[in-house]
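Bear in mind that the values in this text are calculations on the coordinates, not laboratory data. Because the structure is a prediction, the values reported are computed rather than measured.
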Amino acid sequence: MEDSDLKTTPPGEPKDKTVYLTGGEVDETSVSLRFSCDTLDPDEISKLLDCQPTYSYRKGDVLPDKRHRRVAQTGMWGLSEKKTGEVSLEKQIFQLFSHLTDDLEIWRKLTSQYHSDLFCGLFMDSWNRGIDFSPELMAQISARGLTLDLDIYYVETRLIPVEPNFPEPSSSFDE
């Protein structure tokens, strides 16, 4: 192998004028701590965690919805951090934990009584993005007995040609 084979050079003109960017960090993230159960009492969870939720309701509550009358099928308590691309997901989770008690006995009580998780949204502007977590964060999630739920979203932004006789999308979902 020659030394010239080991040198990197800028890529040439892209084939068909298409450039694929890959790798790197996830573009935006969001996180919510969630507890749910048919017998959930939001006030009890707020008291135990010493924090007010971003949203909460009991089973049977009428949920605010401008289009439909919705009734909660189960109780829910949630604390959310805003969707952002400015702060890593790990920092968002640590920030969320900073609002809550560190008492692991309380966490064990809550996670044994309710379905509980950290629900994380990962939003990508390009495919093949990644994320990692430190052992410290994983230990804190585990010590609290939480499930880590990662929902990954990527929307292809390329324009896709439409066949001339392709039917229009149905509007039945909007009714």
For the range 115-121, in order, what is each residue's ³J(HN,Hα) by Karplus, 6.51 cos²θ - 1.76 cosθ + 1.60 with θ = phi - 60°, in whole Hz (x at glycine and Pro)?
5, 9, 7, 9, 9, 10, x
Report the Cα-based extents of the range 26-136 along its three principal axes, largest first, to the nearest Å.
41, 41, 19
Phi to ³J(HN,Hα) by Karplus 6.51 cos²θ - 1.76 cosθ + 1.60 over the range 65-72, Hz, x for Gly, Pro
7, 6, 9, 9, 8, 10, 10, 5
Using each residue's phi in the range 29-46, evaluate 6.51 cos²θ - 1.76 cosθ + 1.60 at θ = phi - 60° and report the 3J(HN,Hα) Karplus result to the nearest Hz, with x for Gly and Pro.
9, 9, 9, 9, 8, 10, 10, 9, 4, 4, 9, 4, 10, x, 5, 5, 5, 4
Residues whose built amide H sits under 5 Å from the amide H of E25, excluding neighbours closer than 5 in sequence, are G130
